[in-house]
1. Just to be sure, is Ser88 closer than 22 Å to His116 by Cβ and not in a strand (DSSP E or B)?
2. Which one of the conditions (1) β-branched (Val, Ile, Thr); (2) out of contact with any helix residue (DSSP H, G or I) (no Cβ under 9 Å at 6 or more places or on another chain); (3) surrounded by fewer than 18 Cβ atoms within 10 Å (Cβ to Cβ); (4) touching a residue at least 24 places away in the same chain (Cβ under 8 Å) does Val102 fail to meet, given that it meets all the rest?
3. Of a type outside the set (S, T, N, Q) and farther than 21 Å from Glu113 by Cα, is that true of Arg82?
4. Cβ-Cβ distance below 9 Å, separation of 6 or more or different chains: which pairs start in the range 143-155 with a residue that is within 7 Å of ligand 3 (Cβ to nearest atom) and end on one that is part of a helix (DSSP H, G or I)?
5. Restricting attention to the range 69-82, which residues are under 18 Å from the mean Cα position of the chain (by Cα) and surrounded by 16 or more Cβ atoms within 10 Å (Cβ to Cβ)?
6. Can you work out which of the residues in the range 73-113 that are aliphatic (A, V, I, L, M) and closer than 12 Å to Val35 by Cβ is nearest to ligand 3 (Cβ to nearest atom)?
7. Looking only at the range 87-124, count how many residues are touching a Lys or Arg at 6+ places or on another chain (Cβ under 7 Å) and at pLDDT below 90.
8. Which is away from ligand 3 (no atom under 16 Å from the Cβ) and loosely packed, with under 11 Cβ neighbours inside 10 Å, of Val66, Val59, Val46?
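The values are calculated or read from the model by the stated rules, or taken from the named source; none is laboratory data. Since we're looking at a predicted model, the values are computed, not measured. Here Cβ is always computed from backbone atoms with ideal geometry, including for glycine, and neighbour counts include all displayed protein chains.
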Amino acid sequence: MNTSPTRNRPDFFFRKAGCCTRCDGPFRESTAYVVAEKIAWKVIEVNGEPLALTQREMVPVCSDCVDVRERVLADDMKGGKRSCPNCSLIMFPAARNRLGAVWNGRFCSKRCEQRHRRGSKSAARPYRHCGCCGTSFRGRVDARYCSSACRQARYRMRLEGHVPAPVASSGGQK
Ligand SMILES: [Zn+2]
Ligand SMILES: [Zn+2]
Ligand SMILES: [Zn+2]
């Protein structure tokens with residue numbers, strides 16, 4: 001077992017979303033530094049003792065937790081600054097990977113990556129106007145009405161023989 005003398009930093013960290021990996025604190029001014037840190041990706045039990053399986057990962061930390069060396073690197077790599085497409089966290093690369101390359105990720109966390117993917121799926125659905133009330137809505141490609149209430153209302157109107165003129169886009173009436 002690695003029983004190094006007391007340090008103020010734990011041996012490894014857990015991956016977090018929305019807060020600093022090292023201190024769990026918020027990112028001040030929505031700014032983070034992406035550093036290389038030992039992250040536990042799984043905790044198993046060996047002889048009744050928990051054992052963390054760790055790997056080096058690029059994770060965001062707050063401005064309080066970035067160390068001097070990382071800050072110098074971040075200054076060097078200012079051009080790599082980017083913001084998370086999901087939560088808009090501004091991230092400065094502050095570490096190089098094993099191959100010496102600047103961190104090139106897009107998202108601050110796996111959670112943001114998943115949310116963004118899910119979000120862009122619904123964004124791919126085009127806006128259309130409801131054939132009954134004219135409200136713009138996002139729906140399946142073959143959807144013609146914004147709600148089942150509108151679909152039924154339209155159906156009833158058709159049964160009664162009076163189908164209203166197409167809704168003008170400028171109409172503010174309900
Ligand atoms: Zn921190
Ligand atoms: Zn994010
Ligand atoms: Zn409608």
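1. Yes; evaluated as a whole, the condition is true for this residue.
2. (2)
3. The answer is no for Arg82.
4. Close Cβ pairs (under 9 Å, with a partner that is part of a helix (DSSP H, G or I)) amount to Tyr145/Arg151; Tyr145/Gln152; Tyr145/Ala153; Tyr145/Arg154.
5. Passing the criteria: only Arg82.
6. Ranking the qualifying residues of the range 73-113, first place goes to Met91.
7. Going through the range 87-124 one residue at a time, the tally reaches 2.
8. That would be Val46, the only listed residue that is away from ligand 3 (no atom under 16 Å from the Cβ) and loosely packed, with under 11 Cβ neighbours inside 10 Å.
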